[in-house]
Amino acid sequence: GIQVEQSPPDLILQEGANSTLRCNFSDSVNNLQWFHQNPWGQLINLFYIPSGTKQNGRLSATTVATERYSLLYISSSQTTDSGVYFCAVVPGDYKLSFGAGTTVTVRA
Amino acid sequence: KAGVTQTPRYLIKTRGQQVTLSCSPISGHRSVSWYQQTPGQGLQFLFEYFSETQRNKGNFPGRFSGRQFSNSRSEMNVSTLELGDSALYLCASSLELAGETQYFGPGTRLLVL
């Protein structure tokens, strides 16, 4: 099946810092989503971004489908940005496949 | 519009028992998918239902099963529970087409003793 690799696995930031999370995938995909998992386990949709660039407040994402990667940018990080960020792709078999996640800790 | 709801939120069972989890999708959504999250294996796709039919299935043993009702609500069942079935079970709904944006519920935490 498709391989989804996220980097870095862990990220510690000082409040106000900017960061970039990366997601590489091994095959062409029909869809790509970024999620934030809160401490209670709920996955919150951040972006649906099979290609191109999108922005939502302090977050933005870029997917370059031809090169099989996506980037999630967090600017001016806040403590509420802490949590696990997942990239998930929909390959040809339409089974949503998740990366292992990036754990982000933002310190005040 | 209300989000995806899952019941129960927490569950404790013993080995050998069976369990049924419930998921109500966002109003108007016709597709429901189920996922298992464990520390060791991460998030894994279990199955997807659309119009009361299983449309897709992950690589899980037959002890894991599901169904969907005419109102799009879905249930998943795990029979003969094993310790390794302890996990967070997440349900997601989407409008209709395979591969569309999925919206997740809060999950059911299952502990098997």
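Please treat every number below as a calculation from the coordinates, not as lab data. In this text the structure is predicted, and so the values were computed from the model without any measurement. All Cβ positions, even for glycine, are placed from backbone atoms using ideal geometry, and neighbour counts span all protein chains on display.
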Requested in this report: With +1 on each Lys and Arg Cβ and -1 on each Asp and Glu Cβ, and nothing else charged, work out how big the dipole of segment B:10-113 is about its Cα centre, in Debye to the nearest 20.
Outcome: 220 debye
Query raised in the report: Which net charge results for the neighbourhood of A:ILE74, defined as the other residues with beta-carbon distances under 10 angstrom from its beta-carbon, given Lys and Arg at +1 and Asp and Glu at -1?
Result: 0
Query raised in the report: Do any trypsin sites (Lys or Arg not before Pro) in segment B:1-64 lie in a DSSP loop with no more than 12 other beta carbon atoms within 10 Å, and if so, which?
Result: B:LYS1, B:ARG15
Report summary line: Answer in debye to the nearest 20: the dipole magnitude of chain A about its Cα centre, from +1 Lys/Arg and -1 Asp/Glu charges placed on Cβ, is 160 debye
Requested in this report: Take every Cα pair under 8 Å in chain B that's 6+ residues apart, average their separations, divide by the length, and report that relative contact order as a whole percent.
Outcome: 36 percent
Report summary line: Given a Förster distance of 41 Å, the FRET efficiency implied by the Cβ-Cβ spacing of A:ARG68 and B:THR14, rounded to the nearest 0.05, works out to 0.40
Report summary line: Within segment B:12-91, DSSP-loop chymotrypsin sites (Phe, Trp or Tyr not before Pro) with at most 14 other C-beta atoms within 10 Å are B:PHE69
Report task. Quote the relative contact order of chain A in percent (integer), defining contacts as alpha-carbon pairs under 8 Å separated by 6+ residues. Result -> 37 percent
Query raised in the report: Counting other Cβ atoms within 10 Å of each Cβ, which trypsin sites (Lys or Arg not before Pro) in segment A:33-108 have at most 13 and sit in a DSSP loop?
Result: A:ARG58
Query raised in the report: For A:ASN56 and A:ASN38 in the same chain, what is the full-extension length gain: residue separation times 0.36 nm, less their Cα-Cα distance, in nm?
Result: 4.7 nm
